[in-house]
Amino acid sequence: AMLDPDRGLSLTIARVVQRLQGSSLHSQLERQARVSLHKPEIRLESLKEDIKDFLKTSGWEKKLQNAVYSELNVFPSPCHPAAPPEHIKEPLAYMRKAQGSWEKRILKSLNSMCTELNIPLAQKRPVNEQKELLNKWNEMGTDEPDLSLFRPVYAPKDFLEVLMNLRNPNYENGEQPSFRNHLGLIQVPLKVKDIPELKEDFSELGLNIGQLGIDDSAQVPPEFFENEHVRVGQKVLAEQDSAAAQQYVRQGCPTALRADLWALILNISNQPEDILYYEQLKSNVIQHDLLVDSLIYKDVKLTASNDDYYFVFEDYLYQVLLCFSRDTSVLEHFTYSSATPPKSYIQGKLGMEEYAVFYPPNVNYNSFILSVAPLCFLYHEPSKLYQIFREMYVRFFFRLHSISSHPSGIVSLCLLFETLLQTHLPQLFYHLREIGAQPLRISFKWMVRAFSGYLATDQLLLLWDRILGYNSLEILAVLAAAVFAFRAVNLMEVTSLAAAEAVLADLSTLKVMPLLQIFLFATVT
């Protein structure tokens, strides 16, 4: 149900106020206001105005604005007040149902692993084990436990199969007028953007606008643009304004400023209470042993040992992911995600809520690892690294692992990718389809991992700049299509899926920004 704009606005304001009321920012503002009462410039006859002025000049108003901006970025626009809560999670019933059965399948797989290996989902660690873990917290990578019996809960291709089987029950055998000619693997009628709409959305990536990540722009000499861009970036940081930072990074982040700009956009300031919270999660890891710990361990070992880039960050990866698997604040995002967190109980305490353990909804840790690893290049302080990852997860990455109709959700991204190829590279699309190499079978893993592990790190960070800048994952689908366009000549010559995969096996030499620009702004539409 649509809301009239005024009603929508008042509901949004009410929700933001309610969410900020319990926050530490709220108590800090109250404290500051009380402190200000002792200042000579605060007069009784103009108390309210004077306190407002004080909060403005002392920088607290900016902090409040950033907090409001952050809320608006994360939470969806309000539904009709009469809409049931599941509509906030996901408006389409068949999507909710599909997500529900996918979760059941994952949980079943976890439970059967517990039964086979005869280990509980969660148990308290013996004291000597707790001490040992605490002592080696910063070098967990040196451990070599035998994890041969643990298996990944699912691989990307299992998830793709589920998405391929999605159907809207309101349409009998694909009788969807506008959709009948879609020949990709995704068979649900969601609205995705065409190139003119994408051009408008991503207008800052235009050919005549300076970009970091473009070496030879005809319009602007790169070094001139870069120096000026750094100067503006420093100013944006000095202003401490999240909205300005988000606009700024659409043209890319200078390497030296990226960590601070991302933190500003995500409104992460690493306050003492945040550090304390991280320490509490750490002590939870030390006290309780979860089945997922072994899965995380195995995935980190596989990922880090196969990747020279990420090998150096192995210890950070354990710390972040083990803490993440204990973090119940992540549960908040399930009010606006189609997913529902699985719950299990510590051995022998079934049904007692204080012994409930919420399982991270997505046990494909391999993708998680690949979304933490690039952040390790930017943040070296564990609690800050942790908060940045958690915020990236609840804003963006969870959408790549759950079934929903959201424009940044993985289903829409797959459909957008296929539609762009079918519309703008029809010959290539039909050729690959004919030889049994449906393009999505190749690009799915890139998108589900936000290209981490595929692109060179400097290129990946330039891509993620734009995800943050546009508050959207749609650019992943555009880049995937652009990669196919770039390798089209070679792909037209292949005669099998294996050969097509070989042509696209190595993306590490690709330059992201030129590919995106050419595909979006030089494609004839």
TODO: Could you sort 126-139, 289-302 so that the peptide with the highest average Cβ count within 10 Å comes first and the rest follow in order?
DONE: 289-302, 126-139
Open item on the list: Tell me which of P382, P169, F519 sits at the most positive position along the dipole axis of the chain, charges placed on C-beta atoms (Lys, Arg +1; Asp, Glu -1).
Closed with: P169
- [ ] Give the carbon-plus-sulfur fraction of the accessible surface of the range 5-78 in %, rounded to a whole number; probe 1.4 Å, heavy atoms of protein chains only.
- [x] 58 percent
Open item on the list: How large are Rg and Dmax for the chain when calculated on the C-alpha trace, in angstrom?
Closed with: 24.4, 83
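For the chain, report the accessible area per residue in Å² (1.4 Å probe, heavy atoms, rounded to an integer). Could the numbers behind the result be given before it?
Values: 24710 Å² over 525 residues.
Per residue, the chain has an accessible area of 47 Å².
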- [ ] Would you list, by chain and number, the aspartates and glutamates whose Cα falls below 12 Å from the Cα of K89, excluding same-chain residues fewer than 8 positions away?
- [x] E332
Task: Above-threshold pairs, the threshold being 23 Å between Cα atoms, out of K157/K384; K108/K157; K131/K384; K199/K511; K104/K193; K445/K511 - done: K157/K384; K131/K384; K104/K193
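The values are calculated or read from the model by the stated rules, or taken from the named source; none is laboratory data. Treat the numbers as computed from the prediction; the structure is a model and nothing was measured. Every residue, glycine among them, receives a Cβ derived from its backbone with ideal geometry; neighbour counts consider all protein chains shown. These area figures cover heavy atoms from the full protein model, side chains too; ligands, DNA and RNA do not enter into them. Shrake-Rupley method; radii C 1.70, N 1.55, O 1.52, S 1.80 Å.
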